[in-house]
Amino acid sequence: MQKGNIGVTTENIFPVIKKFLYSDHEIFLREMVSNAVDATQKLKTLAQQGEFKGELGDLTVHVSLDKDKGTITISDRGIGMTEEEIDKYINQIAFSGVNDFLEKYKDNANNIIGHFGLGFYSSFMVSKKVEIVTRSYKEGSKAVKWSCDGSPAYEIDDAEKEDRGSDIILYLDDDCKEFLEKEKIQQLLTKYCKFMAVPVAFGKKQEWSSEKKEMVDTDKDNLINDVEPLWTKAPSTLKDEDYQSFYRTLYPMSDEPMFWIHLNVDYPFNLTGILYFPRIKSNIDLQRNKIQLYCNQVFVTDQVEGIVPEFLTLLHGVIDSPDIPLNVSRSYLQSDREVKKISTYITKKVADRLQAIFKEDRKAYEEKWDDLKLFINYGMLSEESFYDRAKDFSLMKDTEGKYFTFDEYKTLIEASQKDKDDQLVYLYATDKEEQYSYIQAAKDKGYSVLLLDGQLDVPAIQMLEQKFEKSRFTRVDSDIIDRLIVKDDAPKSNLTEDESANLSQVFRSQMPKMEKTEFMVEVQSLGEQQRPVVITQNEWMRRMKEMSRFQQGMNFYAQMPDSLNLVLNSDHPLVKRVLDDCKAGTEEALKPIESELKGQEARLAAIKQQQEKKKPEELTQDDKDMKTECEKAVQEQKDKKQEVLNGFAAQNDIVHQLIDLALLQNGMLKGEALDKFLKRSVDLIK
């Protein structure tokens with residue numbers, strides 16, 4: 001028997017391994033099975049080289065549980081190890097036998113995955129004791145047993161083992177007994193070993209026994225994996241049904257994908273895989289972590305942000321590359337030049353595929369656009385280089401369901417939608433139903449309206465305004481129709497200043513109090529055919545509030561109240577009627593107030609004119625008091641005037657009806673206010 005200490009630089013190597021080396025304890029099973037697959041692949045390589053002339057036989061790796069002994073055993077029929085190799089590769093941590101092997105057989109090494117030599121020691125994350133019973137494939141080799149109890153001390157002794165290969169026996173710690181549950185191991189093997197290149201078996205297949213009334217084991221191995229997953233096959237040999245079937249294997253609960261890309265490149269790096277375009281409409285974050293990263297068919301992670309550009313994390317599928325540098329646990333990607341090359345390649349392949357589909361069958365591409373739009377917008381927003389590619393196959397959809405490329409749509413609206421400053425105005429709606437009347441008003445003017453109802457459409461138009469020359473996007477309800485695309489100077493109102501002010505006050509006084517909403521009232525001459533009252537919302541302010549949902553640092557806008565404009569059309573008969581009724585109903589009460597107000601305003605103007613001739617330090621207290629007293633008198637008369645106008649407005653059903661109609665048009669009339677509107681409508685019809 002040989003005894004000794006494992007060649008490490010510190011007595012504390014095992015606590016370090018247990019706590020810090022691997023991101024998740026369950027990784028141990030992947031590492032153990034991966035090592036067994038490595039050993040098997042090495043034997044196949046030696047057989048191909050003619051250095052092993054024996055029968056390969058059944059090369060299945062077996063994983064077994066013994067709950068009574070508290071062990072997990074991983075067995076293979078690979079190359080095994082001699083006592084000298086155990087000393088070299090197991091007792092000297094981080095000195096990987098794979099490195100020597102790869103150097104010798106670099107032109108014909110079958111998918112060797114153990115890059116670091118620390119994988120075996122992940123077993124001590126869950127084990128209080130580990131044994132290796134192994135026998136080398138070399139003629140005349142004897143079986144040896146290595147054991148270690150989680151301290152640097154180990155023992156090597158002779159053992160009984162008739163066949164070549166290795167059995168790794170893990171005696172699980174008391175706090176890791178969950179790994180003795182069959183369901184848990186089945187789950188982990190399915191997650192990490194589903195596509196390993198050598199058959200992996202866990203127990204036996206089961207079938208229903210009518211005699212025992214339960215599931216019983218058969219004599220057939222329960223194989224965990226598919227040794228030749230779809231991405232390892234030549235695309236020319238595969239049909240659509242193959243890709244769809246494989247997608248269902250990866251994502252059993254998902255809808256069918258729209259289409260896919262088969263990646264297959266061996267220079268300047270090695271990369272294979274299949275990326276699927278799922279049907280995405282919203283909830284970006286819920287769609288992530290669907291791309292599975294493999295290293296020679298061994299699952300590594302589904303956190304692929306390091307290798308796949310952020311917007312491509314919305315895709316589903318598999319990427320497999322031995323050239324992706326991984327850290328010692330293979331759990332996190334390191335960012336380096338090779339990763340950036342792979343990322344650029346994948347972006348190009350995705351763009352090329354979309355361009356090809358667009359050119360080959362535009363109708364089919366348009367049918368998929370509503371699902372594709374979120375993905376492509378995300379790409380253009382996050383990757384400058386992707387915008388340069390995507391601008392040729394990114395589409396705009398109008399409210400009639402027609403699709404246009406950027407250039408096509410520009411040509412369509414160029415003649416009719418330029419304002420007086422030669423700016424091209426892209427009109428858009430975000431909800432066809434809610435904004436129907438605004439859309440219709442624009443169409444009546446001969447304008448085209450885009451439908452931008454996607455989750456990332458608002459950030460996208462911010463970007464497009466920067467990309468397009470002399471262009472801006474304006475939502476159809478952001479202003480009255482004549483001011484959406486201003487062709488000429490606005491017509492002047494036919495009302496006097498006092499009439500406009502009185503009309504504004506009448507309507508302003510009756511606007512409802514809404515949480516985080518402010519109403520501004522203005523009077524415009526819009527023509528008799530336009531609506532009497534319209535509610536609009538400033539494009540810039542609304543857009544800033546919407547953008548605050550996507551960008552940090554914009555919370556200031558999110559906290560601000562919605563600022564809405566109530567525009568009164570002074571040309572409409574109903575508004576004229578309100579003004580006439582107001583004059584008739586308030587003239588007598590307002591006459592003395594306005595007379596007093598004008599007198600006080602004239603007096604205040606004279607006081608200000610007189611005091612402006614003096615320097616501030618020359619003003620006496622009497623001067624200041626006189627001005628303050630006059631300002632107070634002016635305000636008192638203004639308040640009296642407002643009371644009279646407010647009293648008239650409160651009793652005027654047409655004012656309330658017009659306000660409610662404008663609110664109703666914008667989906668803002670609810671509850672008690674809606675009930676009052678309905679009752680008033682019935683009364684007005686009587």
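If the condition is being without any contact (Cβ under 8 Å) to a residue 60 or more places away in the chain and within 25 Å of the chain's Cα centre (by Cα), then segment 439-460 contributes LEU450, LEU451, LEU452, ASP453.
Look through LEU21, LEU56 and report the one residue that is open to solvent by less than 60 Å² (accessible area, probe 1.4 Å), at pLDDT 70 or above and among the hydrophobic types (A, V, I, L, M, F, W, C).
Values: LEU21 fails: at pLDDT 70 or above.
It is LEU56.
Of the numbered criteria (1) on the phi < 0 side of the Ramachandran plot; (2) touching a strand residue (DSSP E or B) at 6+ places or on another chain (Cβ under 8 Å), the one SER136 fails is (2).
So which of LYS177, LYS191, LYS182 is within 32 Å of the chain's Cα centre (by Cα) and open to solvent by 10 Å² or more (accessible area, probe 1.4 Å)?
Values: LYS177 fails: within 32 Å of the chain's Cα centre (by Cα); LYS182 fails: within 32 Å of the chain's Cα centre (by Cα).
Residue meeting the stated conditions: LYS191.
The helices (runs of 4 or more DSSP H) located wholly in segment 332-416 that include 2 or more residues which are over 30 Å from ASP482 (Cβ atoms), open to solvent by less than 50 Å² (accessible area, probe 1.4 Å) and of a type outside the set (D, E, K, R) occupy 337-360, 362-382, 384-390. Cβ separations smaller than 9 Å between residues 6+ apart or across chains give the following pairs from segment 412-438 residues that are farther than 23 Å from GLN537 by Cβ to residues that are polar (S, T, N, Q): LEU412/SER448; SER416/SER448. In segment 37-48, the residues that are open to solvent by less than 20 Å² (accessible area, probe 1.4 Å) reach residues that are at pLDDT below 95 and part of a helix (DSSP H, G or I) with C-beta atoms within less than 9 angstrom, at least six apart or across chains, in these pairs: VAL37/CYS193; ASP38/GLY97; ASP38/VAL98; ASP38/PHE101; ASP38/GLY119; THR45/PHE101. If you go through segment 143-182 and keep only what is in contact (Cβ under 8 Å) with a residue 24 or more places away in the chain, under 24 Å from ILE79 (Cα atoms) and basic (Lys, Arg), you end up with LYS161, ARG164. Filtered by the rule that a residue be touching a Leu at 6+ places or on another chain (Cβ under 8 Å) and among the charged types (D, E, K, R), segment 362-388 gives GLU366, LYS373.
Give just the number: which of (1) among the charged types (D, E, K, R); (2) free of Cβ contacts under 8 Å to residues at least 12 places away in the same chain; (3) assigned to a loop (DSSP other than H, G, I, E, B) does LYS492 not satisfy? Checking LYS492 against (1) among the charged types (D, E, K, R); (2) free of Cβ contacts under 8 Å to residues at least 12 places away in the same chain; (3) assigned to a loop (DSSP other than H, G, I, E, B), the one that fails is (2). Once segment 463-497 is narrowed to residues that are at pLDDT 90 or above and under 14 Å from ILE439 (Cβ atoms), the residue that is farthest from the chain's Cα centre (by Cα) is VAL476. So, GLY585, is that one surrounded by 15 or more Cβ atoms within 10 Å (Cβ to Cβ) and small (Gly, Ala, Ser) or not? Criteria met by GLY585.
Can you tell me which residue is least open to solvent (accessible area, probe 1.4 Å) among those in segment 649-679 that are polar (S, T, N, Q) and in contact (Cβ under 8 Å) with a residue 60 or more places away in the chain?
Of all residues in segment 649-679, those polar (S, T, N, Q) come to 651-652, 657, 665-666.
In the following step, the residues that additionally are in contact (Cβ under 8 Å) with a residue 60 or more places away in the chain were identified as 652, 665-666.
On the way: ASN652: 17, GLN665: 41, ASN666: 42 Å².
This residue is ASN652.
The values are calculated or read from the model by the stated rules, or taken from the named source; none is laboratory data. All of these numbers come straight from a predicted model, not from anything done at the bench. Counting neighbours? That spans all protein chains shown, and the Cβs are built from the backbone with ideal geometry, glycine included. Accessible surface areas use protein heavy atoms only, side chains included; no ligands, DNA or RNA. Shrake-Rupley method; radii C 1.70, N 1.55, O 1.52, S 1.80 Å.
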